[in-house]
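> This is the structure, below, for whatever I ask next.
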Protein chains: 2
Amino acid sequence: MARSGKNKGNLIIIGGHENKDGQADILEKVKGYANRGKNCLVIVTVATQTPGEMAAEYTKVFKDLGVRNVDVLDVHTRDDAYADEAVEKIMKASVVFFTGGDQLRLTSQIGDTPVFRCMRDLYRDGATIVGTSAGAAALPETMLISGPSDESYDAFALGMAPGLGLIHDVVIDTHFAERGRIGRLLAAVSQNPRILGIGIDEDTAVIVEGDEAFSVIGSGAVYVLDGRKITYSSLSEEETEGILSMHNVLLHVLSDGSKFDLITRNPVDPEPNEARAKSA
Amino acid sequence: MARSGKNKGNLIIIGGHENKDGQADILEKVKGYANRGKNCLVIVTVATQTPGEMAAEYTKVFKDLGVRNVDVLDVHTRDDAYADEAVEKIMKASVVFFTGGDQLRLTSQIGDTPVFRCMRDLYRDGATIVGTSAGAAALPETMLISGPSDESYDAFALGMAPGLGLIHDVVIDTHFAERGRIGRLLAAVSQNPRILGIGIDEDTAVIVEGDEAFSVIGSGAVYVLDGRKITYSSLSEEETEGILSMHNVLLHVLSDGSKFDLITRNPVDPEPNEARAKSA
């Protein structure tokens with residue numbers, strides 16, 4: 001596959017609550033990336049306040065699925081993320097897996113540490129970085145950290161913070177349909193339409209390959225909000241209070257098997273026979 | 001105002017839970033339409049299973065707001081909707097107000113009865129028809145009756161039924177952001193992109209004048225989904241199961257003061273100085 005970007009790696013960005021037994025399509029996919037190259041999946045529990053439980057659960061799940069080598073990295077303090085042993089653990093990973101928890105906990109603990117720099121270098125060289133829930137939201141340059149669900153938006157009710165910077169020009173929201181989060185993703189897009197809003201349902205993931213395109217896997221939908229054709233937004237017109245208005249936002253709803261081109265910012269319409277084969 | 005349509009009346013379509021005291025902007029607006037012409041507001045409680053309570057509540061609210069004449073019409077059986085007294089009650093209305101409840105109860109009781117025909121004629125002649133929640137959802141030709149909230153959609157998970165037919169080419173959903181209903185409105189639009197999807201938040205309403213345009217009033221947002229530029233939908237490609245995919249849906253988010261042209265299907269972008277005046 002031709003790749004013009006500087007990242008040879010892949011991202012798997014999961015909307016949270018991925019199935020862990022039965023039809024575990026997403027984690028099966030993660031296994032595929034783990035059992036290659038360095039042949040090791042490292043679970044990183046820094047985002048969660050229950051790292052022990054979460055490490056035990058995911059270790060069992062991945063071993064049961066057939067991942068050959070599973071290791072766990074927890075980081076309690078920034079010092080931990082400077083430790084040589086921590087860096088060595090990450091060095092051997094073909095897949096780095098960020099659990100859920102709190103995205104600010106994740107970025108404030110490992111941001112700009114040797115452990116994170118090692119992850120970023122691995123990703124550039126071809127490793128796969130996986131994040132679910134908070135671990136997914138933290139991946140872009142700018143991350144959504146707060147804002148009520150199931151509400152339309154005051155233009156300034158949104159919490160954003162600098163994320164891990166592993167993907168650019170997008171903002172990620174998770175648990176999307178389940179928590180009624182379109183309002184807050186619209187607010188994020190209105191702040192700067194350069195940013196593509198990607199809302200991912202539970203048990204659903206996007207797989208980003210080389211910064212250029214993503215495909216969708218899982219049982220829910222992925223919503224892409226594109227603000228480049230907005231003709232009016234109350235935010236840009238200096239309205240400082242009240243519910244946000246936005247005219248002409250482009251919305252794509254994608255599901256298992258859908259593809260999206262991140263360079264042109266267009267969904268790839270399937271060939272008619274492809275769609276028919278898919279439904280057969 | 002020039003009007004090409006055959007309806008001289010107005011519709012006020014409320015997303016449910018409109019404020020009833022304090023900042024009751026929507027019901028104040030209803031009052032304005034009630035205190036003119038025939039000078040009477042008739043509350044129609046047919047949709048609800050607690051008509052007595054609801055009639056008492058709205059009667060008090062409208063009297064406190066200063067509506068000069070308030071009357072109540074309840075219909076328990078289709079026979080009730082054939083009674084001369086019922087028709088006479090509606091005949092004297094400048095505003096007919098449908099409460100919430102169950103939209104199928106509403107249409108199955110009064111559909112094609114003299115009481116409904118009288119409402120429709122009044123509306124054509126200039127009366128105002130108001131509906132909130134189920135009373136709002138029931139107003140179009142085709143109405144949404146069921147479908148889970150806070151979920152992405154299986155293309156066929158949607159319940160639709162013939163509505164009152166007072167507005168054409170739209171489908172209305174209520175309690176919109178609060179119940180995370182964008183998935184089901186997208187599913188409705190995908191079934192036939194001729195239909196414009198209008199999702200209305202609680203304490204928010206659209207005021208439709210003469211079939212041609214609407215304006216927004218209230219504390220929440222109104223979401224308009226326009227499918228006319230859809231390049232791909234899994235439904236049209238004969239995919240018979242799985243989560244719906246749709247590419248290139250146009251989404252408008254509107255708030256208090258926004259206007260929408262139903263003929264061209266475009267939001268009206270405010271003049272820059274208008275927006276600034278609004279925020280001042």
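The values are calculated or read from the model by the stated rules, or taken from the named source; none is laboratory data. The shown structure was predicted, so the numbers you read here are calculated from the model rather than taken from an experiment. Reconstructed Cβ throughout: ideal geometry from the backbone, glycine too, with neighbour counts over all protein chains shown. SASA here: full protein model, heavy atoms, side chains in, ligands and nucleic acids out. Shrake-Rupley method; radii C 1.70, N 1.55, O 1.52, S 1.80 Å.
> I need the full set of residues from region A:120-141 which are assigned to a loop (DSSP other than H, G, I, E, B) and open to solvent by 30 Å² or more (accessible area, probe 1.4 Å), in order please.
Those that are assigned to a loop (DSSP other than H, G, I, E, B) and open to solvent by 30 Å² or more (accessible area, probe 1.4 Å): A:Gly126, A:Glu141.
> Test A:Leu235 against the stated conditions and say whether it is at pLDDT 95 or above, within 22 Å of A:Arg181 (Cβ to Cβ) and within 12 Å of chain B (Cβ to nearest Cβ). Before the answer, list the steps.
Working: at pLDDT 95 or above: no; within 22 Å of A:Arg181 (Cβ to Cβ): yes; within 12 Å of chain B (Cβ to nearest Cβ): yes.
Against the criterion (at pLDDT 95 or above, within 22 Å of A:Arg181 (Cβ to Cβ) and within 12 Å of chain B (Cβ to nearest Cβ)), A:Leu235 does not qualify.
> Evaluate region B:110-119: report whether one residue or more is of a type outside the set (Lys, Arg), at pLDDT below 95, open to solvent by 10 Å² or more (accessible area, probe 1.4 Å) and not in a loop (DSSP other than H, G, I, E, B).
Scanning region B:110-119, I find no residue that is of a type outside the set (Lys, Arg), at pLDDT below 95, open to solvent by 10 Å² or more (accessible area, probe 1.4 Å) and not in a loop (DSSP other than H, G, I, E, B), so the answer is no.
> Would you please name the residue that is nearest to the chain's Cα centre (by Cα), looking only at residues in region A:155-196 that are part of a helix (DSSP H, G or I) and not hydrophobic (A, V, I, L, M, F, W, C)?
Step by step, filter region A:155-196, then rank; the result is A:Arg184.
> Ok, one more. So which residues in region A:250-269 are buried (at least 18 other Cβ atoms within 10 Å of the Cβ) and under 11 Å from A:Leu196 (Cβ atoms), if there are any at all?
Within region A:250-269, A:Leu250, A:His252, A:Phe260, A:Leu262 meet the criteria.
> Among what's in region B:190-232 and is more than 19 Å from A:Val249 (Cβ to Cβ) and polar (S, T, N, Q), pick the residue that is nearest to the other protein chains (Cβ to nearest Cβ).
B:Ser219
> Given the options A:Gly199, A:Gly210, A:Gly227, A:Gly218, name the one that is over 12 Å from the mean Cα position of the chain (by Cα), buried (at least 24 other Cβ atoms within 10 Å of the Cβ) and closer than 29 Å to B:Ser233 by Cβ. Step through it out loud before you land on a result.
Details: A:Gly199 fails: over 12 Å from the mean Cα position of the chain (by Cα); A:Gly210 fails: buried (at least 24 other Cβ atoms within 10 Å of the Cβ); A:Gly227 fails: buried (at least 24 other Cβ atoms within 10 Å of the Cβ).
On inspection, the qualifying residue turns out to be A:Gly218.
> From the list A:Leu144, A:Leu104, which one is surrounded by 17 or more Cβ atoms within 10 Å (Cβ to Cβ) and in a helix (DSSP H, G or I)?
Within the list A:Leu144, A:Leu104, the selection yields A:Leu104.
> When region B:169-202 is examined, which residues are found to be over 24 Å from B:Gly220 (Cα atoms) and out of contact with any strand residue (DSSP E or B) (no Cβ under 6 Å at 6 or more places or on another chain)?
B:Gln191, B:Asn192, B:Pro193, B:Arg194
> Quick one: how many residues across region B:73-97 are of a type in the set (Val, Ile, Thr), touching a Ser or Thr at 6+ places or on another chain (Cβ under 7 Å) and open to solvent by 50 Å² or more (accessible area, probe 1.4 Å)? Before you say what the answer is, go through the steps one by one.
Here is the first cut: in region B:73-97, the ones of a type in the set (Val, Ile, Thr) are B:75, B:77, B:87, B:90, B:95-96.
Still in the running and touching a Ser or Thr at 6+ places or on another chain (Cβ under 7 Å): B:95.
Restricting the remaining residues to those that are open to solvent by 50 Å² or more (accessible area, probe 1.4 Å) gives none.
Total meeting the criteria: 0.
> Report whether or not A:Ala47 is in a helix (DSSP H, G or I) and not hydroxyl-bearing (Ser, Thr, Tyr).
no
> Step by step: first the residues of region B:135-186, then only those that are hydroxyl-bearing (Ser, Thr, Tyr) and within 24 Å of A:Leu186 (Cβ to Cβ), then the one that is modelled with the lowest pLDDT. Which residue is that?
So the residue we want is B:Tyr153.
> Could you grab me the full set of residues in region A:59-101 that are of a type in the set (Asp, Glu), outside any strand (DSSP E or B) and within 23 Å of the chain's Cα centre (by Cα)?
Hit for region A:59-101 is A:Asp74, nothing else.
> Could you tell me whether B:Asp150 is of a type in the set (D, E, K, R), touching a residue at least 40 places away in the same chain (Cβ under 8 Å) and open to solvent by 10 Å² or more (accessible area, probe 1.4 Å)?
On the way: of a type in the set (D, E, K, R): yes; touching a residue at least 40 places away in the same chain (Cβ under 8 Å): no; open to solvent by 10 Å² or more (accessible area, probe 1.4 Å): yes.
Answer is no for this residue.
> Here's a follow-up. May I ask you to verify whether B:Lys38 is open to solvent by 60 Å² or more (accessible area, probe 1.4 Å), under 30 Å from B:Ser108 (Cα atoms), in contact (Cβ under 8 Å) with a residue 12 or more places away in the chain and not aromatic (Phe, Trp, Tyr)?
yes
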